[in-house]
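Q: Let me give you the structure first, and then I'll get to my questions.
The values are calculated or read from the model by the stated rules, or taken from the named source; none is laboratory data. Computed from a predicted structure; not experimentally measured. Methodologically, a virtual Cβ is constructed for each residue, glycine included, from the backbone with ideal geometry; neighbour enumeration extends over all protein chains shown. Accessible surface areas use protein heavy atoms only, side chains included; no ligands, DNA or RNA. Shrake-Rupley method; radii C 1.70, N 1.55, O 1.52, S 1.80 Å.
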Amino acid sequence: MKVDEIQIVKKIQETLKSIQHPLLKKSIVDLNMIRHLEFQSGVLSLKLTQLSPNSIYNHQVEDSVRDALAKISEITDLQISLNWEVSGGKSAQNSSLPGVKNIVAVASGKGGVGKSTVALNLALALSKSGAKVGVLDTDIYGPSLPTLMGLKNTPPLIDGEKKKMLPLEKFGIKTMSIGYLIKDEDAAVWRGPMIGRMVQQFVQDVLWGDLDYLILDLPPGTGDIQLSLSQMLSITGAVIVTTPQDVALADVIRSIAMFQKVQIPILGMVENMSYFSCPKCHEISHIFGQGGGEKKAKNQNIPFLGSIPLDNRICEASDLGKPILESDLESEQAQKFLSLASSVSDQVCLANDRKIEIKL
Ligand code: ADP
């Protein structure tokens, strides 16, 4: 390389180092987002590796890089190759489930708020951009994943060598549920101290392979099972699902307190069944009042991740075993889940931030 080219490369490196990631407020170079840089005869080729395929900041970061480099007159041709790599935080490092980079728990203070619906559609939304995603349904009292996925009475296969269960794959994601192993009526009769240990064993007996995100659908409430799973698995963070009519805020506070007790970051709160969007005239009615979830999140000092409408298409799609993300990706409801996935992936980045290795 010629002497003046070495100077230009230095200038390019300094320019890139001065660009901050808008969310993490750190240099994109320090975040290891520039993986390759080559400059020759005015042509600059670089590889920009985004921290997640779903982040709402991806375009902004790319634009900042292009704008900053456009100011360097010696660059006559800029070739940026884009890719992404989801970083793994404590889930990956403690390898409670080998190959799984991030475990995101989806929890609620009580049952019936749509926790499982949100968990599954969040997983599908995350996978739409190419991330490798799994869902683990540990809701022992009402495992709904088999119904939601249209996989009732489909027992999982066993890997002969490793003696572990293979997750069922459908709609581009991997899933495992206690409901794949037992009949609905049997689930209700499981009680007592044995359950906790059975659930723990079940969770360890699944061969997930490589996953960017494992969405963990926890049973509702804050009992021993939730607590022991939270301690056993290295959970990246928790998403709390609530509804506007869930005025008994005590449930939600208990849920948040449980995660805080075991030092699991709260990624944020989602308000499900937020408002009714008329399928005919598209008028929006806030039948349970407006802004309750957002206010709740603010009071608790946790991020508000989004609102999902109350919509019979979500309910029908779930009952038919074809989630809304699969039956109508263009619908407003599906778009809400896609934007929830973006917020969650960004919060995962924040939670992992301290764990990101600096390789440059
Ligand atoms: P949980 O896991 O909290 O017990 P589920 O996800 O099983 O709740 O949902 C309970 C019921 O509410 C299901 O029949 C589901 O289809 C329905 N449901 C969930 N979210 C919505 C929504 N946003 N709009 C309409 N129905 C919903």
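Q: I'm trying to understand the selection: among the residues of segment 13-51, which are surrounded by 14 or more Cβ atoms within 10 Å (Cβ to Cβ), in contact with a strand residue (DSSP E or B) (Cβ under 9 Å, 6 or more places away or on another chain) and either more than 17 Å from ASP63 (Cβ to Cβ) or of a type in the set (D, E, K, R) (or both)?
A: Scanning segment 13-51 gives GLN13, LYS17, LYS26, ASN32, ARG35, LEU37, PHE39, SER45, LYS47.
Q: Pick from segment 130-142 the residues that are part of a loop (DSSP other than H, G, I, E, B) and open to solvent by less than 20 Å² (accessible area, probe 1.4 Å): which of them is farthest from the ligand (Cβ to nearest atom)?
A: Filtering segment 130-142 for residues that are part of a loop (DSSP other than H, G, I, E, B) and open to solvent by less than 20 Å² (accessible area, probe 1.4 Å), the one farthest from the ligand (Cβ to nearest atom) comes out as ALA131.
Q: Please go through (1) closer than 30 Å to ALA250 by Cβ; (2) in a helix (DSSP H, G or I); (3) under 16 Å from the mean Cα position of the chain (by Cα) for GLY306 and return the number of the only condition it doesn't satisfy.
A: That leaves (2) as the condition not met.
Q: Would you point out which residue out of PRO323, PRO303, PRO244 is under 25 Å from LYS110 (Cα atoms), away from the ligand (no atom under 16 Å from the Cβ) and assigned by TED's automatic domain parsing to the domain that holds PRO220?
A: Going through PRO323, PRO303, PRO244 in turn, the sole match is PRO303.
Q: Keeping to segment 105-132, report how many residues are touching a Lys or Arg at 6+ places or on another chain (Cβ under 8 Å) and closer than 23 Å to ARG313 by Cβ.
A: Here the count works out to 2.
Q: Still on this structure: Conditions: (1) open to solvent by 40 Å² or more (accessible area, probe 1.4 Å); (2) more than 17 Å from GLN226 (Cα to Cα); (3) in the same structural domain as GLN200 (by TED's automatic domain parsing). GLN79 meets all but one. Number of the miss?
A: GLN79 satisfies all of (1) open to solvent by 40 Å² or more (accessible area, probe 1.4 Å); (2) more than 17 Å from GLN226 (Cα to Cα); (3) in the same structural domain as GLN200 (by TED's automatic domain parsing) except (3).
Q: For residues that are hydroxyl-bearing (Ser, Thr, Tyr) and open to solvent by 40 Å² or more (accessible area, probe 1.4 Å), scanning just segment 143-160, find the one that is modelled with the highest pLDDT. Even if it seems obvious, please write down each step before you answer.
A: From segment 143-160, those hydroxyl-bearing (Ser, Thr, Tyr) are 144, 147, 154; that's our starting set.
In the following step, the residues that additionally are open to solvent by 40 Å² or more (accessible area, probe 1.4 Å) were identified as 147, 154.
Details: THR147: 93, THR154: 86.
Step by step, filter segment 143-160, then rank; the result is THR147.
Q: Being of a type in the set (Ser, Thr, Tyr) and either within 28 Å of ASP212 (Cα to Cα) or assigned to a loop (DSSP other than H, G, I, E, B) (or both), is that true of even one residue in segment 272-291?
A: Yes, because at least one residue in segment 272-291 is of a type in the set (Ser, Thr, Tyr) and either within 28 Å of ASP212 (Cα to Cα) or assigned to a loop (DSSP other than H, G, I, E, B) (or both).
Q: Another one. Within segment 84-109, which residues are assigned to a loop (DSSP other than H, G, I, E, B) and at pLDDT 85 or above?
A: GLU85, VAL86, SER87, GLY88, LEU97, PRO98, GLY99, GLY109
Q: Related question: What are the residue pairs meeting all of these: first residue in segment 152-163, first residue closer than 11 Å to GLY179 by Cα, second residue of a type outside the set (S, T, N, Q) and assigned to a loop (DSSP other than H, G, I, E, B), Cβ atoms under 8 Å, and 6 or more apart or on different chains?
A: Qualifying pairs under 8 Å: LYS152/GLY321; PRO155/LEU181; PRO156/LEU166; PRO156/PRO167; PRO156/LEU181.
Q: OK, next. Could you list, in sequence order, all residues of segment 301-333 that are open to solvent by less than 50 Å² (accessible area, probe 1.4 Å) and either of a type in the set (Ser, Thr, Tyr) or over 25 Å from ALA125 (Cα atoms) (or both)?
A: Within segment 301-333, SER307, SER318, SER331 meet the criteria.
Q: Any residue that is outside any loop (DSSP other than H, G, I, E, B), farther than 30 Å from LEU31 by Cα, touching a residue at least 24 places away in the same chain (Cβ under 8 Å) and of a type outside the set (A, V, I, L, M, F, W, C) - is there at least one of those in segment 343-354? First the steps, then the outcome.
A: Taking segment 343-354 as the starting set, the residues that turn out to be outside any loop (DSSP other than H, G, I, E, B) are 343-354.
If we keep only those that are farther than 30 Å from LEU31 by Cα too, we end up with none.
No, that holds for no residue.
Q: Same structure, new question: Name the residues in segment 64-114 that are in contact (Cβ under 8 Å) with a residue 12 or more places away in the chain, among the hydroxyl-bearing types (Ser, Thr, Tyr) and out of contact with any Ser or Thr (no Cβ under 9 Å at 6 or more places or on another chain), would you?
A: Selection gives SER64 alone.
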